[in-house]
Ligand SMILES: [Zn+2]
């Protein structure tokens, strides 16, 4: 399986960064239920080549994020503006909480909702 990134994949990351940043890091195996992605998101990410199936267990599929796609997502993330706390966006800290995202500032306790993160992404 090739790990190179197609144009469709690169374009999807540019156009739909708020969706792509919800994807777990490359190297981890994960299932949809562990993310806040919907089934439709997953199908699109798969079709665009951002993620790939590593295992099938009935209807449950196990996914991996492609390394090249993950690298491109991190690059896009670094080009974003600053969050309200003055630090750079952002990492996922706790998907079960109402404010699942943190900034990348060390020793900063600011937490952000999905909408707040998306506002920064869409303004980039
Ligand atoms: Zn901060």
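Working only within the stretch 1-34, note down all residues that are within 12 Å of the chain's Cα centre (by Cα) and in a loop (DSSP other than H, G, I, E, B). Answer for the stretch 1-34, where residues must be within 12 Å of the chain's Cα centre (by Cα) and in a loop (DSSP other than H, G, I, E, B): 16, 21, 22, 23, 24, 25, 26. May I ask you to list the residues in the stretch 60-86 that are part of a loop (DSSP other than H, G, I, E, B), modelled with pLDDT of 85 or more and buried (at least 16 other Cβ atoms within 10 Å of the Cβ)? 66, 83, listed by residue number.
Does residue 91 count as out of contact with any helix residue (DSSP H, G or I) (no Cβ under 6 Å at 6 or more places or on another chain) and under 15 Å from residue 21 (Cα atoms)? Spelling it out, residue 91 is indeed out of contact with any helix residue (DSSP H, G or I) (no Cβ under 6 Å at 6 or more places or on another chain) and under 15 Å from residue 21 (Cα atoms). Scan the stretch 17-36 and tell me whether some residue there is farther than 17 Å from residue 61 by Cβ and without any contact (Cβ under 8 Å) to a residue 40 or more places away in the chain. Yes, there is a match, as at least one residue in the stretch 17-36 is farther than 17 Å from residue 61 by Cβ and without any contact (Cβ under 8 Å) to a residue 40 or more places away in the chain.
Scanning the stretch 89-104 for residues that are surrounded by 15 or more Cβ atoms within 10 Å (Cβ to Cβ) and without any contact (Cβ under 8 Å) to a residue 24 or more places away in the chain, which turns out nearest to the ligand (Cβ to nearest atom)?
Restricting to residues being surrounded by 15 or more Cβ atoms within 10 Å (Cβ to Cβ) and without any contact (Cβ under 8 Å) to a residue 24 or more places away in the chain, the top hit is 103.
The values are calculated or read from the model by the stated rules, or taken from the named source; none is laboratory data. Fair warning: this is a prediction, and the values are worked out from it, not measured in the lab. A quick note on method: Cβ atoms are made from the backbone with ideal geometry, for glycine too, and the neighbour counts reach across all protein chains shown.
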